[in-house]
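Take a look at the structure below.
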């Protein structure tokens with residue numbers, strides 16, 4: 001009899017311990033177009049805990065089994081995530097509250113169906129863009145250029161909106177004072193806005209090139225070159241009748257990997273966006289594109305058919321470091337006619 005009660009106690013204790021074991025919940029919150037949503041409020045109701053998604057739309061914490069985690073974001077339907085006794089590691093797609101509050105043909109659909117010029121010429125008065133919230137069905141969203149948490153770097157080219165121009169898939173040059181732009185370096189997507197609150201991500205196929213102005217007012221030309229960028233746009237640093245000089249920036253998100261045992265610590269205590277910069281030179285006559293290191297020896301080999309000009313430039317600038325500006329001026333020099 002004592003053995004029976006002892007076994008029953010062990011079983012009950014085991015079940016109770018298993019039931020009370022915290023469940024890890026790891027989620028990535030996005031809109032239907034695949035963009036991450038930062039700043040989503042995540043509440044663990046039973047624990048009365050509350051956190052926000054980070055700049056990549058991710059969150060992680062541990063909750064009680066069979067509890068409820070609530071996600072909320074302005075302009076979106078709240079989501080109640082029911083936890084079982086299994087770890088959770090999924091992607092959550094937010095749904096806008098006003099999915100039926102849209103015209104039959106929105107400004108965004110004109111843009112992404114190839115009618116970029118029509119959209120811009122009529123868009124100022126006929127645009128439905130939902131300010132302050134993301135609309136997954138129309139393609140508009142609210143990009144966050146700054147982060148509340150200690151995130152290093154950025155997924156965007158600029159820390160705010162800037163002016164520019166676009167060459168669409170029909171070779172139409174679009175200049176509109178009503179539009180401001182930015183560039184998503186991670187996904188290689190051009191963003192534009194009318195009100196600097198909500199934005200539109202233009203489908204890649206609708207843009208051949210675009211020019212954006214930096215803080216000093218200098219133009220930065222970006223062009224789609226499939227041989228180099230695949231899904232990314234390439235920064236054109238110099239071009240001419242002999243050679244073109246390109247810069248490709250690949251940006252990736254690295255999650256914080258900080259760990260400590262109280263004595264020693266490893267990793268970074270912050271999330272980070274890191275840029276990998278790769279340079280290319282194109283021979284205009286042969287249309288051959290070569291990846292290049294910014295070293296004088298490599299440049300001499302690649303510009304062999306312009307040896308006289310290259311040697312003269314190197315001689316005149318022998319004390320200068322072979323950095324981006326050096327190569328930019330070199331390509332401009334070899335492209336000049338005698």
Determine, from the Cβ-Cβ distance of residue 41 and residue 172 and an R0 of 35 Å, the FRET efficiency 1/(1 + (r/R0)^6), rounded to the nearest 0.05.
0.25
Rank the residues 168, 311, 184 as a footprinting-exposure proxy: fewest other Cβ atoms within 10 Å of their Cβ go first.
311, 184, 168
Debye equation applied to the C-alpha atoms of segment 162-207, log10 I(q)/I(0) at 0.16, 0.22, 0.25, 0.27 Å⁻¹:
-0.41, -0.78, -0.98, -1.11
Round to a whole angstrom and tell me the spacing of the C-alpha centers of segment 25-69 and segment 222-292.
30 Å
Relative contact order for segment 20-93: what percent, with Cα pairs under 8 Å and sequence separation of 6 or more?
38 percent
When 231, 208, 185 are ordered from fewest to most other Cβ atoms inside 10 Å of their Cβ, what list results?
231, 208, 185
Compute the convex hull volume of the Cα atoms of segment 187-338, divide it by the residue count, and report the result per residue in Å³ as a whole number.
199 Å³
Based on the alpha carbons, how large is the Rg to Rh ratio for segment 20-93 when Rh follows Kirkwood?
0.95
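No value in this document is a laboratory result; all are computed from the given coordinates. Computed from a predicted structure; not experimentally measured. Virtual Cβ from ideal backbone geometry, glycine too; neighbours counted across all protein chains shown.
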